[in-house]
Structures are given as structure tokens and as C-alpha cells.
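Comments concern the structure below.
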Amino acid sequence: MTAPILTVAAVSKRFGPTVALDRVDLSIRAGEVVALMGANGAGKSTLVKILSGVYGPDGGELWLRGQPFRPASPHDAKQLGIATVHQSIADAVVPTLSIADNLLLDRLCDPTSPWRVPPAVRRQTAAPLAARVGLDVDLAAPLASLSLASQQLVTLARALATRPALLILDEPTASLSAPEAERLFGLIDRLRAEGVAILLVSHRLGDLRRVAGRVTIVRDGRIVADLPAPIDFDAAVETMIGRPLRSNAAANANATAAAAATAASSACFSVRDLQLTSASVPFDLDVQRGEIVAIAGPVGGGKSRFARAIFGAGRAASGTMTLDGKAWRPRSPADAIRAGVFLAGEDRWRTSLFPDSVPFASIAGTLSFPFLSRWFKYGGLKRAREQRAALEAIERFGIRCTGPDDRLNRLSGGNQQKVVLARWHTQPARLLLLDEPFQGVDAGARADIVDTLRRHAQERATLVFVSDLEEAFEIADRVVRFDRATLDRVSQSDFTSHARS
Ligand SMILES: Nc1ncnc2c1ncn2[C@@H]1O[C@H](COP(=O)(O)OP(=O)(O)OP(=O)(O)O)[C@@H](O)[C@H]1O
Ligand SMILES: [Mg+2]
């Protein structure tokens, strides 16, 4: 066996009272894909950040190719051969710069290399980087014009530019559709064959089944298992969450019966001849009260555009919408919120957690923000009410934190997502819209959230927008396939045969 490229020995890290990592050991060899599995808040991203020079460890040792390794900065780690694609894309890109400049950001930001070249040359230099990950776009366009999935590819392309010995991917598929994810896995296969070591963090079991050669499980900051192939993933999930995974089969059966009972009643929300853009095909949709309908379709297929149009954050080109028998034409999200139409958006920083300062806001403040005018008509009671709502949400959604006043940027990715979902459960909704609600949420928490959504489903109509069909069937009574703005019904049997093939 070859010597490990990277060895982690007894590494620990605390944040105030939180022990994020407790004497963690890990090693990776060249050409090996190791998956790091763990529940939300288990410490995965903290370990990734230590390896990539973002944080220093409080204790323990790191060895890279047999040499002691103590990166003083992310730049340092990159120079030494560790490239990282972090969980939060927003932190890694500059939306106003061109795609080419984002690909070359490390060079442009490096104070030691006065790299001043005309834009045309920059585009030329960036082109092979884009090609390597299959990103086929106009490199002169601003990064902001790209979908989240393509922005992800930009950060990956940039990471590969340094020809790393170890590539770390922290939830790289969270915003990718199945074909985009497969393209990434193809790339991982190639890199592995070239001898690159890969550390992968993902909550999607499909990803791990596809590429992981070994699984290391972290729970509450400690490594609790190291499983070589062949890997029993069901057992791995139980080890990860420390209990058997709750099955939603019974809940689904109940919900289906309930949905059938309400199906006879008139629709709560309807859409007629809706065209999302002037070029797209018009479609109709009816959602009953009590029903959970999943709109499943590829990333970039128009799901989020549809969600935003219902929420008043965007406009459809033509067609009509009806809510409880009345024409539904919200002029803004504030209008929608007043009427009980809520959207948990796809990109938690940009669309869900307004205002801009929100990464630094507290959990309590984030939950109350959309409802300030309703909750606090008379002032005074603000803090008590906020705290109560936050404590309830923390309990109900299992948000891992030290308390209601924790800043959002201190929470792990999955726990931030739980706050976004919890926010729209602090008030009863008439129509709840959830765009990619399970991004970065671990398998155990996902089962609990599905359970919560189901328990409250009778009070409202629920529309869930997801790119993953498996998720769609886990949560919904009815799945509608949405492809380039055309709607098709798919049945569970279609899906099962599709999944088997
Ligand atoms: N900068 C920070 N300040 C304070 N606490 C932090 C900070 N970063 C992480 N933590 C805490 O450390 C713990 C581990 O967080 P980490 O982000 O490593 O989890 P994770 O395993 O990546 O979870 P997820 O699957 O949700 O991304 C959590 O309790 C988190 O709240
Ligand atoms: Mg994380």
C-alpha cells in the first residue's frame, strides 16, 4: 500500500463552548475517494476548513506527504497542494466580476504576482480551466448571470487550476441536477485515475454510492467509524445519526389517503395557461388544500422562476393564478407574506434570508423578520416573542446551536437551512412554497422535516420544487415533472422503473 498523502492525527477544534472536533484521526492515499459522512453540525466543514488553512487546529497534528503540515492561510494550503471547494458558493465568488476573472481569482488576488493582463488574454487563460469541468459559457459575462450550478463549476474549475494532490469537495452536488452531478463524478473518476486524493462531503447517498471508496463517519466531532468498500450505506446512516432512520412509508400512506379525501374539494391554488417566459409552453396546475405537490425538474428548468412568480418576487409572461377562488397577482413578496403565501428560496443567502446583513443576524431575528409588522404592532413584546418562536423552532427542527441568539454564520450549513424552513412555520401559511428545501440537510433531519411538513400539511397547500426525483417522492402526495416549463404527471411506477434502469 502507498503511504498516505494526508494524515490527520488527534485534531481538535472548539468554538467557545462548542467542541466542533474532538481528537479526529483520518488519512487519505493518492487515487482514493474518501467520503466524510456526518449529521448537520457534526464537524465536517470545520475539518475541511482546518485542512484548507481557513482555521488553525487547537490541538493535534497534520502531515502532508510525510511532512508536518500547518497551513497559515488558504493560499498556503493551495500552494502545498490542497484545493478546496467550500460548501458556501457565495463566499467563493465575486458576482460582479466576469466568469473569466472568477476562474482566475486566485491569481488576481495574489499580491506576490502582479498579474495584469488585458481581458481578452484573461479569457484565453481561463478557457482551458472552464473546459476541464465542461463549463461551456461566454467567459466575458458577469458571474451573476450563471445559475448556482454553473457557479459551483466555476469554483471547482478554479480549485483544479492548481493541480492539487488532494481535492476537497464540501457538498458539491447540493445545487446540481442529476446530469450535472454525473458530470462531476466523471471528473472525479478521471482525477482519481490521475492519482489525486479526494475528500468528499455529501448528504446525498446516491453521490456516496457512486464514488466513495471508503467512508469515514463523524458524530459530534468524533470519528466513530471508518468503513472500507463494500459499504453498507443503510448501516452507515444509522451510525451517523446514532439511531435507526425513521421510515416515512406510513406517513406517506396517511397523507395519500388525506389527499384523496380533499381531492374532491376545489383547488386552493390554480394556474391557467401560465407562461413563465414569452418563449415557454403554457401550463395548468391545481393544488388542493392539504396536498403536498412536488414540482420535479432539472436545475435551470424554470422551477425557481415559477416559485418566485407565485411569491411576487418575479413575473410570469402571461396566464393567470388563483388563490382560494380569487385572482392572485402579488406585486411583491411583502404582499405575498401578508396573504399567507411563503417561499423558502433555493439560495438561502440571496433569496430567503433578506436583508443583506442577515448572515450576521441571530436565529431569533431571522425567524421574526418577515412578520415584524404583524407580531410587533404594539412594540415592547418583541424580544420575548422572538425568543419563544426561536426556542420552538430550534426544538421542532432540531437546529444544532447554543441558543436563539446564535448568529447564522456560526451555524453549520444544514442548520442554516433548517432556520430557513423553520421561519415559514412560525406563522400559518395558506400556500407554502419550498424551493430545494433539503439542500445540505442530513438524512435523519430530512426524515424529521418531512414529518413536520406532513403534520402541518392539512392547514395549507404545499408546493415543493426539487431536482431530485427521489426527494420528490419522499415528500409529496403527487409529483409533477417540470421540464423547460412544460408539466407532465409522473407516477411512482414511472419513477421506480426509471430508477432501476
Ligand atoms: N465560526 C464558528 N463559530 C462558532 N461555532 C461554529 C463556527 N463554525 C462552526 N461552528 C459550530 O461547530 C459545529 C460543527 O459545524 P460544522 O460546520 O463543521 O458542521 P458540518 O458537519 O459541516 O454540518 P453540515 O452538514 O450542516 O454542513 C456546529 O455546532 C457549528 O455550529
Ligand atoms: Mg458543513
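The values are calculated or read from the model by the stated rules, or taken from the named source; none is laboratory data. Nothing here was measured: the structure is a model prediction, and the numbers come from that model. Cβ atoms come from the backbone with ideal geometry, glycine included; neighbour counts cover every protein chain shown. Just so you know, the surface numbers come from the protein's heavy atoms only, side chains and all, with ligands and any DNA or RNA stripped out. Shrake-Rupley method; radii C 1.70, N 1.55, O 1.52, S 1.80 Å.
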accessible surface per residue for region 188-244, probe 1.4 Å, DNA/RNA/ligands not counted, whole Å² -> 45 Å²
Ignoring ligands, DNA and RNA, what percent of the accessible area of region 6-241 is carbon or sulfur (1.4 Å)? 54 percent
Using a cut-off of 20 Å between alpha-carbon atoms, which aspartates and glutamates can reach LYS326, once sequence neighbours fewer than 8 places away in the same chain are excluded? ASP273, ASP284, ASP286, GLU291, ASP335, GLU459
Note on the chain, DSSP bridge orientation, antiparallel percent to nearest 5 equals 50 percent
Mean Cα-pair separation over length for the chain, i.e. relative contact order, pairs under 8 Å, 6 or more apart, %: 16 percent
SER278 accessible area, assembled protein chains, probe 1.4 Å, Å²: 100 Å²
Taking every other residue with Cβ under 10 Å from the Cβ of GLU459 and scoring Lys and Arg +1, Asp and Glu -1, one gets +4
Out of ALA313, HIS425, GLY365, whose Cα points farthest toward the positive end of the dipole of the chain (charges: +1 Lys, Arg; -1 Asp, Glu; placed on Cβ)? GLY365
Tally Lys and Arg at +1 and Asp and Glu at -1 over the other residues with C-beta under 15 Å from the C-beta of GLY195: what net charge comes out? +2
For region 114-221, state which GluC sites (Glu not before Pro) are in a DSSP loop and have at most 12 other beta carbons lying within 10 Å of their beta carbon. GLU194
Ordered by packing density, taken as the mean number of other Cβ atoms within 10 Å over each peptide's residues, highest first, how do 306-316, 328-338 rank? 306-316, 328-338
Roll a 1.4 Å probe over the protein chains and send me the accessible area per residue for region 3-51 in Å². 31 Å²
